Amino acid sequence: MDSLGCALLPSTCALCGSSLPHLSSVPICEVCWTEFPVQSGDLCSRCGDKLDAPVLAGPTKIGLCRACRLAPPPFVRAVAYGPYQDRMKAAIHALKYDRLHAVARGLGRMLAEAIAQLADEAPTEILVVPVPLHRSKHAERGFNQARSLAFHALAALAKSHPAWKLTQAPRTLMRQRATESQFGLTPRQRRLNVKGAFEVSDPAAVTLKNALIVDDIFTTGATARAAAKTLMEAGAASVWVATLARASRVYGNRHGTSAQFDDAEENFELAGKLPDATLQGSSIYSSYGQSSF
Ligand SMILES: [Zn+2]
Ligand SMILES: [Zn+2]
């Protein structure tokens, strides 16, 4: 029983290893909770990607990244709490792979802060749709982290934004087939990999409704694009996206090593929005799981 208790309630911080002052159901120390990185700098006003240089898009002078200018995403806007690095990365791994469910509440509060960035512009009534796992992945992991984070985020938002009608819709979107890692795939193979991955269980439930897709990590945006496209095709009025973390796109590096995203589930490409020639010819897209040069 003692060993079981210790397994459930570690006495050291799961992120920095410092000893916790007392047994806690949340194995992250107070210092670590205050040191999660937050998004900063110039971000794409559409997808939230970092803008390397100020990019002006037409007379409105809204900064858009290259991907959003070439192929506007089917969602209105994507926001994230912070970059996928340091403590954020460690905490998400602790939740997903070490199954430290107690971490979900604190991370859910951060997701709530990300969602709150949309409060002024998003509709007053919105369905919150966690990105689903395929049932084989769900069986393997035992839970869907996106759903867990959404649950805690909505609990926090009910207090901070009581007038905002955010409704959980965890069964709206289904992943109808398992998707392979995008690692090492050509743009065409990636398109095929993500194509048709999602379906809406009951289109009548989303017709003319606004939806907020929620996930733990936004990497290249292909998952968000595919999920948003599915919801829009089912008749949604608008789709928004909020994630806990944002992995910045890696631009080709001078050492010629492969740039990698280490979350295999999120190694997606632009879901077929750009022609292969554009993808292959662009330094921006040259690096996913391939040599940069
Ligand atoms: Zn710590
Ligand atoms: Zn963008």
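The values are calculated or read from the model by the stated rules, or taken from the named source; none is laboratory data. Since the structure is predicted, the reported quantities are computational estimates derived from the model, not experimental observations. For neighbour counting, all protein chains shown are included, and Cβ atoms are generated from backbone atoms with ideal geometry for every residue, glycine included.
Which residues, counting only those in the range 190-213, are closer than 12 Å to PHE75 by Cβ and more than 16 Å from ligand 2 (Cβ to nearest atom)?
The answer is ASN210, ALA211, LEU212.
For the condition modelled with pLDDT of 95 or more, within 13 Å of the chain's Cα centre (by Cα), in the same structural domain as TRP240 (by TED's automatic domain parsing) and farther than 19 Å from TRP240 by Cα, what is the one hit in LEU149, LEU107, LEU111?
From the options LEU149, LEU107, LEU111, the qualifying one is LEU107.
Here is a yes/no grid of residues against (1) part of a loop (DSSP other than H, G, I, E, B); (2) over 30 Å from ALA139 (Cα atoms); (3) at pLDDT below 95:
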site: ILE28; (1), (2), (3): yes, no, yes
site: VAL31; (1), (2), (3): no, yes, yes
site: SER40; (1), (2), (3): yes, yes, yes
site: CYS47; (1), (2), (3): yes, yes, yes
site: ASP52; (1), (2), (3): yes, yes, yes
site: PRO72; (1), (2), (3): yes, yes, yes
site: GLY82; (1), (2), (3): no, no, no
site: HIS93; (1), (2), (3): no, no, yes
site: ASP98; (1), (2), (3): yes, no, yes
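Among the residues of the range 127-138, is there at least one that is over 20 Å from MET232 (Cβ atoms), within 16 Å of ligand 2 (Cβ to nearest atom) and part of a loop (DSSP other than H, G, I, E, B)?
No: zero hits.
Quick check on my filter: what residues within the range 100-117 are basic (Lys, Arg) and either closer than 20 Å to GLU140 by Cα or touching a strand residue (DSSP E or B) at 6+ places or on another chain (Cβ under 7 Å) (or both)?
If the condition is that a residue be basic (Lys, Arg) and either closer than 20 Å to GLU140 by Cα or touching a strand residue (DSSP E or B) at 6+ places or on another chain (Cβ under 7 Å) (or both), then no residue fits.
Count, please, the residues in the range 206-216 that happen to be surrounded by fewer than 24 Cβ atoms within 10 Å (Cβ to Cβ), touching a strand residue (DSSP E or B) at 6+ places or on another chain (Cβ under 8 Å) and either more than 18 Å from THR124 (Cα to Cα) or not basic (Lys, Arg) (or both).
1
Does GLY63 satisfy being over 18 Å from ALA226 (Cβ atoms), within 16 Å of ligand 2 (Cβ to nearest atom) and touching a Leu at 6+ places or on another chain (Cβ under 8 Å)?
Numbers: over 18 Å from ALA226 (Cβ atoms): yes; within 16 Å of ligand 2 (Cβ to nearest atom): yes; touching a Leu at 6+ places or on another chain (Cβ under 8 Å): yes.
Yes, satisfied.
Which residue pairs have Cβ atoms under 7 Å apart, sit 6 or more places apart or on different chains, and have a first residue in the range 80-94 that is in the same structural domain as LEU107 (by TED's automatic domain parsing) and a second that is in a helix (DSSP H, G or I) and surrounded by fewer than 21 Cβ atoms within 10 Å (Cβ to Cβ)?
Every condition considered, the pairs that remain are TYR81/GLU113; ARG87/CYS32.
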